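This report concerns only the one structure given below.
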Amino acid sequence: MPTDDNAADGRARPCDAAPHVRAPPTLVHNQSKGLCLMSGTTGTTSVIVAGARTPMGRLLGSLKSFSGADLGGFAIKAALERAGIGGEQVEYVIMGQVLQAGAGQIPARQAAVKAGIPLSVPALTVNKVCLSGLDAIALADQLIRAGEFDIVVAGGQESMTNAPHLLPKSREGHKYGAIEMLDSMAYDGLTDAYENIPMGESTEKHNTRLGLDRAAQDEIGAQSHQRAAAAQKNGIFEAEITPVEIPQRKGDPVLFSKDEGIRADTTAESLGKLRPAFAKDGTITAGTSSQISDGAAAVVVMSKAKAESLGLDWIAEIGAHGNVAGPDNSLQSQPSNAIRHALKKEGIGVGDLDLIEINEAFAAVAVQSMKDLGVTSEKVNVNGGAIALGHPIGMSGARVVLHLALELKRRGGGTGAAALCGGGGQGDALILRVPGK
């Protein structure tokens, strides 16, 4: 008789003696191990019905007056409107936010309430550094496939501008002398916790080990701006952006509707003139690093059956997730490793991907991950990336997923992968399938 080796008392247990679980999770006999294992909903598929994001605001830019929860509220509200459902239909909310010092309790719940979702709907804030927004969507998919919920809002939000400066040990008092403040944005979001150095400095060290030259990074940096500028000019981002009204001291609010970090005149030659940012003879510059930004993105995730029962169309089906870490704290190969992990679970290869989104935390990450996967920039970040658009760290994972889904749809369908690296040496990826091709 097949048994379950996950019994609470550590002993094998027959399948027919397994504990009660909420339907529809089922017991599945694993032939290779002769075990009875708990699984999620058999055959359940999650779909992204709709999504929205704010325009990207530069540090101290157009979105400086809004908190991360404010921005998340804008994105969630627009996503619900585009999905054609009300806040009362949402069963759970998951939003990534990294910089939470001074943000108040459960920023995800604050955003949900600001978007009109009732207080009766629970919420979860995720902090997996740059991976947070994508991980929120992956968690939504897992909860739906496990049969817990049918409608989940997921995404990410961040106001890097409003991350406060801190006074460590101030509760104990300072008897004498100067007091050093801690920048929570730098320390909690942009500093490697294991070497206690900026992520750029850590990445520079690994660039040397990997032999990544500056020219390739400058090329990616320039390409990011040029592609984003073309996409902005051609209205491609309009399908995902929800404009934000910016209150003015006098007069009517100003409508902010375009990403403000894009520099259309950027070239590899102009980037080549910039000084190294993290080491005297380094290869990383401000022009090949992602911008510090403010923004939010959200998607409405449903079980496919629920979407069909409501008569709703969807943008994309969610496929396999990839989650990796190590073997060290480097970033460069984390997206490619995560994509490979997801592809293996999905049962397809790199050649089956029509488009790939790799978050440009640094150009070096895109350069190395493309090299690892054996792909060119022809199908990677086709409308630019974080170097041009910006990288609100809790939001970017949701942005790359939403953009990938919409771009695949715009091109008539296909299969794609969205991936990011995360501080400390982790990587996440998500496979999307868009009907059509």
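Tally Lys/Arg at +1 and Asp/Glu at -1 over every other residue whose Cβ is under 15 Å from the Cβ of G211; what's the total?
Details: positive: K205, R209, R214, K371; negative: E204, D213, D281, D372.
Local charge sum for G211: 0.
Nearest 5 percent is fine: what portion of the DSSP beta bridges confined to the chain is antiparallel?
Working: 51 of 68 bridges.
If I count the DSSP bridges inside the chain, around 75 percent turn out antiparallel.
Please list, ordered by chain and number, the residues whose modelled amide H lies under 5 Å from the amide H of I284; skip anything fewer than 5 residues away on the same chain.
The answer is A277, F278.
Under a GNM of the chain (C-alpha, springs under 10 Å), which listed residue has the highest mean-square fluctuation: E88, E346, E180?
Evaluated over the chain, the most mobile residue of the options is E180.
What spacing in nm lies between the two simple spin-label points modelled at K258 and I179, each 7 Å away from Cα in the Cβ direction?
4.4 nm
Quick check for segment 329-437: number of Lys pairs with alpha-carbon distance under 23 Å, counting only pairs 8 or more apart or on different chains?
Lysine pairs, 8 or more places apart or on different chains, close enough: 10.
Tell me the net charge near I387. Cut-off is 15 Å between Cβ atoms, I387 excluded, with +1 for each Lys or Arg and -1 for each Asp or Glu. Each step should come with its number before you reach the end.
On the way: positive: R58, R214, R227, R263, R399; negative: D218, E219, D259, E260, D265, E357, E360.
So the surrounding residues net to -2.
Any chance you could give the angle, 0 to 90 degrees and rounded to 10, that helix 396-410 forms with the longest Cα principal axis of the chain?
Helix 396-410 sits at roughly 70 degrees to that axis.
Of H165, H225, how do they rank once you tally other Cβ atoms within 10 Å and put the fewest first? Intermediate results must be reported in sequence, preceding the final value.
Numbers: H165 14, H225 24.
In order of increasing Cβ crowding within 10 Å: H165, H225.
Count charges around T288 for me, please; just the other residues with Cβ under 9 Å from its Cβ, Lys/Arg as +1, Asp/Glu as -1. All intermediate terms of the calculation are to be shown ahead of the outcome.
Numbers: positive: R214; negative: D218, E360.
Summing Lys/Arg as +1 and Asp/Glu as -1 gives -1.
Measuring from centroid to centroid over Cα atoms, what is the spacing of segment 367-437 and segment 180-239 in Å?
15 Å
What list do you get for K114, K345, K77 if you sort them by fewest beta carbons within 10 Å?
Numbers: K114 17, K345 14, K77 20.
Neighbour counts put them in this order, fewest first: K345, K114, K77.
In the set [x] 1.15; [y] 1.56; [z] 1.00, which value of Cα Rg over 2.2 N^0.38 Å was calculated from the structure you see?
Computed from the coordinates, Cα Rg over 2.2 N^0.38 Å corresponds to [z].
I need the shape label for segment 261-347. Rule: rounded when a/c is under 1.5, else prolate if a/b > b/c, else oblate, with a, b, c from the alpha carbon gyration tensor.
Oblate shape, in that a/c is at least 1.5 and b/c is the bigger or equal ratio.
Running a GNM on the chain with Cα contacts under 10 Å, which residue among T283, T44, T242 ends up with the highest mean-square fluctuation?
T44
Please state the charge dipole magnitude for the chain, taken about the Cα centre, from unit charges on C-beta atoms (+1 on K and R, -1 on D and E), reported in debye and rounded to the nearest 20.
Working: 41 positive and 47 negative charges, 49 e Å.
Rounded to the nearest 20 debye, it is 240 debye.
Given R₀ = 60 Å, FRET efficiency for S270-S309 by Cβ-Cβ distance, to 0.05? Each step should come with its number before you reach the end.
Details: r = 54 Å, r/R0 = 0.89.
The computed FRET efficiency comes out at 0.65.
Could you please rank T285, T208, placing first whichever residue has the fewest other Cβ atoms within 10 Å of its Cβ? Before the final figure, lay out the partial values.
Working: T285 22, T208 12.
Lowest to highest Cβ neighbour count: T208, T285.
Counting other Cβ atoms within 10 Å, keep those with at most 13, restrict to DSSP loop, and tell me which trypsin sites (Lys or Arg not before Pro) in segment 155-202 are left. Walk me through the numbers on the way to the answer.
Working: sites: K169, R171, K175; in loops: K169, K175.
For trypsin sites (Lys or Arg not before Pro) across segment 155-202 that sit outside H, G, I, E and B with at most 13 neighbouring Cβ atoms in 10 Å, the list reads K169, K175.
Read-outs throughout are calculated quantities, based only on the coordinates presented, and are distinct from any laboratory measurement. Computed from a prediction, not measured in an experiment: that's the story for all the values here. In this analysis, Cβ positions are derived from the backbone assuming ideal geometry, glycine residues included, and neighbour counts consider all displayed protein chains.
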